[in-house]
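The values are calculated or read from the model by the stated rules, or taken from the named source; none is laboratory data. Treat the numbers as computed from the prediction; the structure is a model and nothing was measured. Cβ sites come from the backbone with ideal geometry, for glycine too, and all protein chains shown count toward neighbours.
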Amino acid sequence: MRGELLLLVKPQNRKLACWMISVSVLLLPNNPVPGQDPQPHNIKLEFEARLAESSNQGSSAQIQLADWAAKNDLNSQAENLYRDVLKKDPLNNSAYHGLVRLSKSQPLEGNSNTFISTRQLLPKNFRIHESKNYITISNANSRWTRTQANRLERTYEQFLRYTKKLKLKPLPLKQKLVCVLFKSRSEYQAFALKHDQLNLHSWNLGYYSPLNDRIVLFDGRSEVDADEFTDNRIIATTIHEAVHQLHFHTGVMNIHIQYPLWLCEGLATNFESNSTKRAFGPEQDFQPRREHFRSLVDSNKLLPLKSLVQLDALPDTSQQTSFTIYNQSYALVCWLIKKRPKEFSNYLMMLRSEPPGRPTGKRHLELFEKAFGDTIILQKQWLNYEAKE
């Protein structure tokens, strides 16, 4: 065809015509190039084919496919595979390290289902503030909102430090965590009651809703009864609720089972601090909690350890019961992490592997004694230590 076209062109123009024909051939759509497939390779179709082949081949095949997907920039597919393996086998090292490597190369998604559903519940005048790991929705003072976001980020840093020390292998966050900030107590309490079904005490400054996966706080500094300690309480509350959220989002705690109360509240209270500028966490004593615990010891109001470790909820609504359980749990977790760190890590690992549901008090006692030994002996060792401090 090309030769026939050139015969129709005058000799002096044949060189130009030849060049034009060459260009036109290169520009023809879907023109096959020698040595290459006629159609471009579709990496997603190959992934689907590989996925079908590996579906019944176990975790190793899934991890290999996830590694291949990550190398071929199929990040969401790789992440889903790694996380699927870790749901079935929380201690799988290959899947864990693959997921960690992948997380370092991609930013967190802010527009999560949790954020969208929460944003729809709030008036339009609420502003959005995004930081590295959190997204806050706020009608409070802009400066205070930024300060709160910084406190949340700092809590995440200290949380990772604690998990690294105990070798707990926290999963990377899948999305930015959501926090709602109110400027007034009345708005805060109305939201809690209407949307999270919580009728809060007057002294409460914030909470984490596991059901709706959000932290909710308000700026108590503007309250009539605010004093010089109010900001310290806000900081401690912010950290406390963030730690609850982080334990479940990182898989250190299994969201599908009901944990014992002493463990949940003992860990959260151990991170409390009146400042996020210095290190905080289980190895840093929080003086208010320590003093409350000593008052319980002095007044002989501690619960028997055997009873404490079986509770997964407050047995009544009295302030004294709450005071006792929270502060006793604080001291117990502090001591276990300091003196029995390996056993504490193993205990958390055992709980991660429990089947979904609400373990009985008897089961909680079995797991506790499997990790730490007889509760009566342990209580004597613990309180003897506290008496010498």
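Taking the condition within 20 Å of Ala192 (Cβ to Cβ), free of Cβ contacts under 8 Å to residues at least 60 places away in the same chain and not assigned by TED's automatic domain parsing to the domain that holds Leu314, does Phe248 pass? Spell out the reasoning first.
Values: within 20 Å of Ala192 (Cβ to Cβ): yes; free of Cβ contacts under 8 Å to residues at least 60 places away in the same chain: yes; not assigned by TED's automatic domain parsing to the domain that holds Leu314: yes.
In short, yes.
Residues that are of a type in the set (A, V, I, L, M, F, W, C) and under 14 Å from the mean Cα position of the chain (by Cα), at least 2 per element: which strands (runs of 3 or more DSSP E) completely within region 172-244 meet that?
Details: elements: 177-182, 206-209, 214-218.
Passing ranges, in order: 177-182.
So Phe159 ticks every box in (1) at pLDDT 95 or above; (2) under 27 Å from Leu267 (Cα atoms); (3) surrounded by fewer than 21 Cβ atoms within 10 Å (Cβ to Cβ); (4) in contact with a Pro (Cβ under 9 Å, 6 or more places away or on another chain) but one. Which box is left unticked?
(3)
Being within 17 Å of Leu311 (Cβ to Cβ) and surrounded by 14 or more Cβ atoms within 10 Å (Cβ to Cβ) is the filter here, so list the residues in region 343-360 that pass it.
Initially, region 343-360 is screened for residues within 17 Å of Leu311 (Cβ to Cβ), giving 347, 351, 354, 357-360.
The answer is Tyr347, Leu351, Glu354, Pro359.
Check whether at least one residue in region 247-259 is in contact with a Cys (Cβ under 6 Å, 6 or more places away or on another chain) and either over 22 Å from Thr145 (Cα atoms) or assigned to a strand (DSSP E or B) (or both), and report yes or no.
No, because not a single residue in region 247-259 is in contact with a Cys (Cβ under 6 Å, 6 or more places away or on another chain) and either over 22 Å from Thr145 (Cα atoms) or assigned to a strand (DSSP E or B) (or both).
Those residues that are crowded, with 16+ Cβ neighbours inside 10 Å, assigned to a helix (DSSP H, G or I) and either within 15 Å of the chain's Cα centre (by Cα) or touching a residue at least 40 places away in the same chain (Cβ under 8 Å) (or both), I need them from region 115-152; list them, please.
Phe115, Thr118, Trp144, Gln148, Arg151, Leu152
Please pick out the residue among Phe280, Phe293 that is assigned to a loop (DSSP other than H, G, I, E, B), crowded, with 20+ Cβ neighbours inside 10 Å and in the same structural domain as Leu365 (by TED's automatic domain parsing).
The conditions single out Phe280.
Report every pair of residues separated by at least 6 positions or lying on different chains whose Cβ atoms are under 9 Å apart, first residue within region 362-379 and assigned by TED's automatic domain parsing to the domain that holds Leu263, second modelled with pLDDT under 95 and not in a helix (DSSP H, G or I).
As it stands, the answer is Arg363/Glu354; Leu367/Glu354, since those pairs meet every condition given.
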